[in-house]
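Data block below; observations after.
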Amino acid sequence: MVTALFFTLNNTLDIFLKQVGGFDNTTAKLITILAPFLTIVGPTLCVNVCDKHANFIAVGVAFFVLSLLFAVLLRLFFDVHIALSLVLILAFLILSNGGRSISLSIASLKMRDKIDTGVYTTITNAAASISTGLMPKVFTAIVDNPALGVAQSWQNGFTLVVVWNIAIVAILIGLVLWVRRLNQKDKQSESPVISD
């Protein structure tokens, strides 16, 4: 889910720049090539925050709540000014890429003594590959709908991004609460040590 969220906008940035921003093909491609260099900031920032906070799932919640904020702003203001839209998209990509690094690398590193990291990595990479191939195509079909105008098509596309982001936040909050509950059960089940 998190990989699909990131690549949905990352893979369609050039279409957005041409359709909404009116950029020529060369400029749109150049910005699309340069954007991933900026989104590297997300995983770097996320790793640094996870080093300071043991609960990496809660860090993921924070990153995806912030990305949701930018997704909502993008949904509301994407056609106001292209510079504002580009800043919102880049902020969203930085944060969602940071959150994506939790499921793809940080989780396996933090839980290496509890799970088989090889199996975990294989499963997450396989799921990420499928979602990376599938979701941008679904999103492109929504924003390239000839029956609707450009503005309405992108509004529908950004609505999907917002809903998808809300689902991720809800799942992560559910995980945080579930882990907290498991930890409380573990503490309650520990029997006190009786000394002589």
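The values are calculated or read from the model by the stated rules, or taken from the named source; none is laboratory data. All of these numbers come straight from a predicted model, not from anything done at the bench. Cβ placement follows ideal geometry from the backbone for every residue including glycine, while neighbour counts extend to all protein chains displayed. The protein model used for the area step is the full one, side chains on, heavy atoms only, and it has no ligands, DNA or RNA in it. Shrake-Rupley method; radii C 1.70, N 1.55, O 1.52, S 1.80 Å.
Each residue of the range 131-137 is assigned a 3J(HN,Hα), and the resulting list reads 5, 5, x, 8, 5, x, 5 Hz, derived from the Karplus form 6.51 cos²θ - 1.76 cosθ + 1.60 (θ = phi - 60°), x at Gly and Pro.
Provide the per residue accessible area, probe 1.4 Å, for the chain, rounded to a whole number of square angstrom.
56 Å²
The alpha-carbon of Lys110 sits under 25 angstrom from the alpha-carbons of these lysines, leaving out residues fewer than 8 places away in its chain: Lys52, Lys185, Lys187. Of the solvent-accessible surface of the range 60-144, computed with a 1.4 Å probe over protein heavy atoms with every protein chain present, carbon and sulfur atoms account for 73 percent.
Taken about its Cα centre, the range 43-196 carries a charge dipole of about 100 debye when Lys and Arg each add +1 at the Cβ and Asp and Glu each add -1 at the Cβ.
Mean separation of Cα pairs under 8 Å and 6 or more residues apart, divided by the residue count, gives the range 1-131 a relative contact order of 33 percent. Assuming a ≥ b ≥ c are the square roots of the Cα gyration tensor eigenvalues, decide whether the range 101-196 counts as rounded (a/c under 1.5), prolate (otherwise, with a/b larger than b/c) or oblate. Oblate shape, in that a/c is at least 1.5 and b/c is the bigger or equal ratio.
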